[in-house]
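K.L.:
Take a look at the following structure, please.
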Amino acid sequence: KMAAAAGAAAAGLWSEVNRCGQNGDFARALKSVNKILQINKDDVTALQCKVVCLIQNGNFKEALGVINTHTKVLTSDVIAFEKAYCEYRLNRIESALKTIQSASQQTDKLKELYGQVLYRLERYDDCLAAYRDLIRNSQDEYEEERKTNLSAVVAAQSTWEKVVPEDLGLREATYELCYNSACTLIGQGKLNEAMKKLQKAEELCRQSLSEDSDVTEEDIEAELAIIHGQMAYIMQLQGRTEDALQLYNQIIKLKPTDVGLLAVIANNIITINKDQNVFDSKKKVKLTNAEGVEHKLSKKQLQAIEFNKALLAMYTNQADQCRKLSASLQSQSPEHLLPVLIQAAQLCREKQHAKAVGLLQDFADQHPANAAEIKLTMAQLKIAQGSVTKACMILRSIEELQHKPGMVSALVTMYSHEEDIDSAIEVFTQAIQWYQQHQASQTRGPKSPVHLSLIREAANFKLKHGRKKEAISDLEELWKQNPKDVHTLAQLISAYSLVDPEKAKVLSKHLPSSDTMSLKVDVDALENSHGATYVRKKAAKLTGDNQQKEEGQGEVKKKKKKKKGKLPKNYDPKVTPDPERWLPMRERSYYRGRKKGKKKDQVGKGTQGSTTTGSELDASRTASSPPTSPRPGSGAAVSAASNVIPPRHQKPAGAPATKKKQQQKKKKGAKGGW
């Protein structure tokens with residue numbers, strides 16, 4: 001009876017579980033399952049249902065605990081998918097992969113999860129093959145989602161592995177497919193095409209979401225945030241930093257829930273700020289430290305964020321923090337170049353250039369594959385210190401770049417600056433020899449354009465620095481390659497004229513005749529052109545007397561006529577000018593100094609409002625007294641005007657009288673004021 005009662009109770013509980021499962025009420029279903037397990041704790045079906053209910057409620061850790069506790073009952077064949085899914089959601093990706101691979105039977109569900117796991121592990125080639133197999137062998141309502149995942153894999157390959165993607169022939173009917181296609185184009189560097197794809201994705205997204213009446217404008221903007229983020233990234237790559245910064249900040253104001261998106265945007269803003277606006281960068285860097293960011297981004301994205309953190313520490317003068325971060329990055333990626341460069345930059349900021357060069361040299365010795373970039377940096381540091389010769393030695397030690405035209409040009413310029421012409425010529429010689437050996441091992445045809453260009457530059461350099469003997473072999477080689485090159489032939493004749501004049505004469509016979517070199521020029525049209533107008537007019541004036549002057553004296557330039565100086569209006573040619581007229585009055589021999597007035601010293605003395613003596617301000621007395629000098633406008637002044645000699649022509653005998661006149665004027669002014 002008890003067993004029958006338990007069976008009846010269990011049957012009722014199972015029907016409750018079934019009803020709740022169909023309604024999506026997994027919390028209530030879990031309670032019924034637990035009651036069933038109280039009746040029979042090893043019921044396999046009940047344990048499976050419990051795991052499913054926990055997964056549906058988001059309790060992945062508890063579900064995995066149930067699986068691991070009942071391993072004898074829940075074998076890998078029974079519960080492999082649920083276990084792998086819990087491990088995947090708990091970001092235990094390697095464990096999920098092992099669980100999937102250990103399953104005896106690979107169901108469609110496991111294959112779908114296998115593709116997701118491979119994507120998270122960044123094994124894009126295997127992931128692409130897995131999704132292709134799924135699309136080929138599946139026919140259900142999830143085909144569009146599989147194609148979206150397939151396009152995401154292609155986009156990741158294009159972005160992170162720089163793989164040229166193949167055309168999958170996917171119809172971009174959804175905004176997700178359009179977005180992934182845009183990401184693929186960004187990885188290929190086709191930014192304008194990618195921007196058009198993103199604009200199309202935005203349009204499709206708005207159309208798709210606006211059909212749902214429950215979706216608000218805020219929900220649409222939140223969904224569009226990732227599309228706008230890629231648009232801003234394209235703007236940044238195109239150099240439109242102000243537009244990119246504005247769009248980035250708009251996305252941050254929306255406060256999206258995707259911590260990965262926020263971290264990427266914050267990192268990109270930091271790269272725009274660089275060593276400026278560091279306060280804003282320090283605020284933005286907090287967004288990159290949010291919980292769960294490491295599970296949302298790829299390894300290269302996380303690495304880039306850490307690099308920028310180290311650089312920000314350097315820009316904010318946090319030397320210890322910078323060293324700590326760069327050392328951590330170097331331990332994670334010993335072969336990576338950037339951590340060492342950051343450490344060297346920090347040492348240079350601390351004026352420890354020698355230590356920075358030593359650090360770079362050690363890295364170059366340990367990692368020969370990256371030696372070229374390191375040595376270029378070392379050379380730059382040496383140039384900054386003024387050690388140009390040492391910088392040249394470092395550059396010449398980069399064997400794979402010795403023959404490159406850019407390297408040859410840089411070395412020749414630096415040696416010329418140091419006036420080391422022999423070393424510059426040696427650089428040319430080594431580069432030319434490399435091309436000769438390289439070409440001999442491949443073909444025996446004509447020399448490559450780069451090879452010929454180097455020979456010509458070497459010849460021109462030697463001629464410029466007076467090394468005509470050394471330039472002969474280069475010029476002969478060039479002329480041999482192109483016998484119709486008149487310019488090279490002329491240079492060769494010029495060089496031989498100093499060494500072997502007979503050889504120069506022989507070569508001069510190869511020069512074209514003057515008839516073949518004559519240019520068909522319309523002289524009349526040339527003279528009537530705008531540029532020749534001024535010359536023709538100037539030449540037309542050179543006739544008659546001017547032409548005779550040119551032939552007789554050879555004078556081309558006309559002498560400028562000196563203008564006659566203006567004479568004073570009262571100039572008298574009969575009177576000898578004063579020889580001291582250009583000297584200041586004080587320095588003239590007849591200067592006697594200025595006479596001090598007797599009454600002048602007393603004017604203005606005393607307290608304010610005090611009266612002076614009657615004799616000083618007696619108007620009748622002043623008017624009757626004879627003037628010390630002729631007054632302006634008086635008859636004496638007019639009669640004397642005919643005998644006046646200007647001060648520039650003779651000694652001013654009336655100089656003291658002039659001073660008296662000034663005093664008289666001052667007196668009159670005093671009377672009027674009173």
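The values are calculated or read from the model by the stated rules, or taken from the named source; none is laboratory data. All values reported here derive from a predicted model rather than from experimental measurement. Positions of Cβ are backbone-derived with ideal geometry, glycine not excepted, and every protein chain shown enters the neighbour counts. These accessible areas exclude ligands, DNA and RNA; they are computed on the full protein's heavy atoms, side chains included. Shrake-Rupley method; radii C 1.70, N 1.55, O 1.52, S 1.80 Å.
K.L.:
If contacts are Cα pairs under 8 angstrom and at least 6 residues apart, what is the relative contact order of region 284-435 in percent?
P.N.:
11
K.L.:
Would you mind computing, in nm to one decimal, how far apart the modelled labels at Lys324 and Asp108 are, each placed 7 Å from Cα along Cα→Cβ?
P.N.:
The modelled label-to-label distance comes out at 5.3 nm.
K.L.:
Can you tell me the Rg and Dmax of region 416-510, counting just the alpha carbons, in angstroms?
P.N.:
14.0, 41
K.L.:
When the label point is put 7 Å from the Cα of His465 along its Cα-to-beta-carbon vector, which residues of region 370-405 have a backbone N closer than 19 Å?
P.N.:
Label zone hits: 387-397, 402-405.
K.L.:
What's the FRET efficiency of Asp420 with Ser453 using the Cβ-Cβ distance as r and R₀ = 25 Å, to the nearest 0.05?
P.N.:
0.65
K.L.:
Averaging over all projection directions, find the projected area of the Cα convex hull of region 202-267 and quote it in nm² with one decimal place. List each step's numbers first, then the result.
P.N.:
Details: hull surface 18.3 nm².
Result: 4.6 nm².
K.L.:
What list of ³J(HN,Hα) couplings, whole Hz, do you get for region 186-198 from phi and the Karplus terms 6.51, -1.76, 1.60, once you set θ to phi - 60° and write x for glycine and proline?
P.N.:
Running phi through 6.51 cos²θ - 1.76 cosθ + 1.60 with θ = phi - 60° gives 4, x, 8, x, 8, 6, 5, 5, 5, 5, 5, 5, 5 Hz.
K.L.:
Further question: Can you compute the modelled spin-label distance between Gln246 and Thr216, with each label point 7 Å from Cα toward Cβ, in nm?
P.N.:
2.7
K.L.:
Can I ask one more? Nearest 0.05, what FRET efficiency do Gln366 and Val523 give at R0 = 56 Å with Cβ-Cβ as r?
P.N.:
0.15
K.L.:
Here's something else I'd like to know. Taking a probe of 1.4 Å, how large is the accessible area per residue of region 31-151, in Å²?
P.N.:
That works out to 55 Å² per residue.
K.L.:
Here is a further query. Find the centroid of the Cα atoms in region 105-141 and in region 251-278, then give the distance between the two in whole Å.
P.N.:
About 33 Å separates the Cα centre of region 105-141 from the one of region 251-278.
K.L.:
Next question. Using 29 Å as the Cα-Cα cut-off, could you pick out the over-long pairs in Lys190/Lys375; Lys162/Lys390; Lys98/Lys197; Lys190/Lys300; Lys197/Lys286?
P.N.:
Values: Lys190/Lys375 32 Å; Lys162/Lys390 37 Å; Lys98/Lys197 38 Å; Lys190/Lys300 21 Å; Lys197/Lys286 32 Å.
Table pairs above 29 Å Cα-Cα are Lys190/Lys375; Lys162/Lys390; Lys98/Lys197; Lys197/Lys286.
K.L.:
Note down the nm distance, to one decimal, between modelled labels 7 Å out along Cα→Cβ at Lys509 and at Gln402.
P.N.:
Between Lys509 and Gln402, the label points sit 4.2 nm apart.
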